[in-house]
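Report on one structure; see the data block that follows.
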């Protein structure tokens, strides 16, 4: 049974041909956009627009009905009105269709009795003809490797994050924002009302998918609780699974019902069940993004001893608070580094420089010999630390040109240390929420440029210590749990 | 006593002349930067560089010693090494100096006995000659109105936020990031080791300062606990006071000791005392910024009934969760708006459209008549809501040019409603953490541009619902408490 679902989903991701039913020449219609995306993202199979109203769509010959297509059709993207879906399903078997993605919405989520009845009829018909459904009320699949996508300007290169999300909007947002942070995706599935294929199917599929190393999910309501939790326990042992449960509060649950007809369920029960299954819970899309960034760029970390370098006194105090409150140990500097400081600096600094290393108290000669960078290098070699954090701040008293030069050297050091690969390393750098006029400001341009350099070097970058520490402690806890039970 | 301190601090903000002692022609020295900032920010009093090593600094005649200055000196910025401070203080009375800002550091914060002794001697000397000290180990004052500043590229126009921060780096960061969000400052005081003037003095000063409407503070350790808490109780009744207590965890407290020699104290005691005094507590600089933004742009709000419009289904569900979990009520739509929907939309949408208003489920004809904007307008007129939230998201299936047009209309609606002034209004808009290459992307440029338009219209903008809801519930609670006890 599991094997069969996996095979069916494989067809959805690797169709030899795709029919967009309800295709259109109107560039503002989804029937147009789906064809456009297949072209733009480089899908190499057959593309068949199906519509009685247009003779061609984007240069592809359009067919009045599914049955008029000359060859077989593996996968259908359906943009028809809800009332026309049952008839379409009846047509599917003779073209060999395996999976139908119902972009079509306005079923049970409307709360209207007729619409809910029609949805039941759609499921009945699909079961009758042996077709699997994705949706209804979902935006479908993003699979960059083979050129299927549901949005504009998504990354074309693939990555290792596999996702299933009950909301197409949340999926689109996540892809846009996460791609700014260097994340790339294996497969993203938006699944709406989960009428047929549901969260348990997607989880099982992504769990065995070799292209997916990290699983993340946005769920409003669970269709098959027991099956899902048992799949979750298995999946969490093989790769990190991050779950954002939405529809937690009463207004949220009400909104979920009118969004995907989801029965949101009790949060307390959910939290316990997800934790016991070994999955990692996120409260917001942003928190999920910080978790994904962490697992994407960092290796297994089992210890909590953190070494922190960079920024001034305030940054050091606040970092120490954040990392310790999250559950890390901001351990004292080891003797070798104390010795190095004694060799390099006058007596005033002995015992004064600590962890976090406040580079702003160094005398000028320490900047000349790049003592901050060298301490970070020594930390990377020291068995006293499990994880290193570099803070890059705008808190110094420097002009923008001085600032740009300082940050450039800091980032070069960090990238150099990362390349040596001796210690997990993360960076806290806040690029700011920019106005359009700030796009010309050297300070913010410099931060955006250096952030890009860090990400290109596969170093995770977080906007705040709070976000970094709270994501990373969960990474450590995930690996600790996995280690303990395997 | 209080009146005297206030007068002394008034002199620090309104000096007729400033001497920068330890001034320098070296552009990378602080003795140069302080003179430069006075020039660049337009200080109109006398500027006297004092240094035996340079004959002039930035075109100003330099004097070998304080006593060589021809006229009186109200305020001294001291960049001398620590050992030379006592002698300088002895020179001050004959020039009529009222306040000395000791940028000079390396006193008790070093943990060295001799340095701590020297600090005590500095205080003794200051008391002897009747001079008040700011610092030591602090970066001083930012007072845009009269052209005094301690950093590059701070806003030159004044605003209504008054701050006192124990860290100059935290002050600099806060000013840079908050100014991106439309915040402007009345007076910012960085006060380092708080050897003489301390947190209680600054709080009392800002409390009575007519240019300051919101007070925010970063504190590592309290010098005069009882006096401070009693000042806090009084201040919180007249204006919002936001306090970030740093040095909470043990490593943070250790870092605070080596930063400003602060005795961080027990957090539990602190939290209770600050809450009881009626101040608003922040855990991070970013949280403090969200709170300042809230009080800066929003009026008194006493109720918790929130109306939310914009974004797709996922945004609606997540918003409902966030606002409700923070303590707001995401109330049902009132009958008048239900009626409007019945008038404008087919029966399928009756009872389906709720609060949050998921505009993505509207049929095309609703977009043509701008139903989303009109519902927001009706909410602004309705007594059923205390606060309105507009979500602007990148979650739609639109091309960037379509997206830009949609967001433009949304923002125009929001600004129009704000201008009518019938209801407090906030916006959740995430501009993303951009790479330098994203600066040319129309999507992110559009968001940055519209964010600027919103801020120019004095509308608070938050990156996430989480941040907005958690800041705004504390605004409501602050005003509720004030209402209850006054």
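The values are calculated or read from the model by the stated rules, or taken from the named source; none is laboratory data. Since the structure is predicted, the reported quantities are computational estimates derived from the model, not experimental observations. Reconstructed Cβ throughout: ideal geometry from the backbone, glycine too, with neighbour counts over all protein chains shown.
Of all the residues in region B:238-253, those that are assigned to a helix (DSSP H, G or I) and more than 9 Å from chain A (Cβ to nearest Cβ) number 1. Would you confirm, using the coordinates I've provided, whether residue B:311 is crowded, with 16+ Cβ neighbours inside 10 Å and in contact (Cβ under 8 Å) with a residue 24 or more places away in the chain? The answer is yes for residue B:311. Within the group B:162, B:168, which residue is out of contact with any helix residue (DSSP H, G or I) (no Cβ under 7 Å at 6 or more places or on another chain), in the same structural domain as residue B:212 (by TED's automatic domain parsing), under 18 Å from residue B:191 (Cα atoms) and buried (at least 24 other Cβ atoms within 10 Å of the Cβ)? Among B:162, B:168, only B:168 is out of contact with any helix residue (DSSP H, G or I) (no Cβ under 7 Å at 6 or more places or on another chain), in the same structural domain as residue B:212 (by TED's automatic domain parsing), under 18 Å from residue B:191 (Cα atoms) and buried (at least 24 other Cβ atoms within 10 Å of the Cβ). Taken over region B:70-90, the residue count meeting the criterion of being buried (at least 19 other Cβ atoms within 10 Å of the Cβ) and either within 14 Å of another protein chain (Cβ to nearest Cβ) or not in a strand (DSSP E or B) (or both) is 8. Considering A:418, A:451, the condition of being closer than 23 Å to residue B:463 by Cβ, modelled with pLDDT of 95 or more and touching a strand residue (DSSP E or B) at 6+ places or on another chain (Cβ under 7 Å) is satisfied by A:451 alone. Considering only residues of region A:254-270 that are touching a residue at least 12 places away in the same chain (Cβ under 8 Å) and more than 8 Å from chain B (Cβ to nearest Cβ), which is farthest from residue B:322 (Cα to Cα)? Out of the qualifying residues, it is A:261.
Just one of (1) farther than 26 Å from residue B:283 by Cβ; (2) within 14 Å of chain A (Cβ to nearest Cβ) fails for residue B:109. It is (1).
Checked against (1) more than 27 Å from residue A:441 (Cα to Cα); (2) within 14 Å of chain B (Cβ to nearest Cβ), residue A:374 passes all but a single condition, namely (2). Scanning region B:315-354 for residues that are in a helix (DSSP H, G or I), within 9 Å of chain A (Cβ to nearest Cβ) and within 41 Å of the chain's Cα centre (by Cα) yields a count of 11. Among the candidates A:367, A:439, the residue that is more than 8 Å from every other protein chain (Cβ to nearest Cβ), in a helix (DSSP H, G or I), without any contact (Cβ under 8 Å) to a residue 12 or more places away in the chain and over 28 Å from residue A:298 (Cβ atoms) is uniquely A:367. All conditions but one from (1) more than 8 Å from every other protein chain (Cβ to nearest Cβ); (2) assigned to a helix (DSSP H, G or I) apply to residue B:423; the one that does not is (2).
Has region B:154-162 got any residue that is under 21 Å from residue B:241 (Cα atoms) and not in a loop (DSSP other than H, G, I, E, B)? Scanning region B:154-162, I find at least one residue that is under 21 Å from residue B:241 (Cα atoms) and not in a loop (DSSP other than H, G, I, E, B), so the answer is yes. Restricting A:129, A:188 to residues that are touching a residue at least 12 places away in the same chain (Cβ under 8 Å) and closer than 29 Å to residue B:445 by Cβ narrows the list to A:188.
Residue count for region A:385-420, restricted to those that are surrounded by fewer than 18 Cβ atoms within 10 Å (Cβ to Cβ), closer than 19 Å to residue A:358 by Cβ and more than 12 Å from every other protein chain (Cβ to nearest Cβ): 1.
For region A:442-484, residues that are closer than 22 Å to residue A:421 by Cβ, surrounded by 22 or more Cβ atoms within 10 Å (Cβ to Cβ) and at the interface with chain B (Cβ under 8 Å from one of its Cβ atoms) total 2. Take the residues in region A:153-188 that are over 27 Å from residue A:453 (Cβ atoms) and within 11 Å of chain B (Cβ to nearest Cβ), then tell me which one is nearest to the chain's Cα centre (by Cα). Looking at the filtered set, the residue picked out is A:171. Of all residues in region A:282-311, those that are within 13 Å of chain B (Cβ to nearest Cβ) and in contact with a strand residue (DSSP E or B) (Cβ under 9 Å, 6 or more places away or on another chain) total 17.
This table checks each residue for (1) at pLDDT 95 or above; (2) farther than 20 Å from residue B:81 by Cα.
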| site | (1), (2) |
| --- | --- |
| A:348 | no, no |
| A:352 | no, no |
| A:355 | yes, yes |
| A:362 | no, no |
| A:365 | no, no |
| A:369 | no, yes |
| A:376 | yes, yes |
| A:381 | yes, yes |
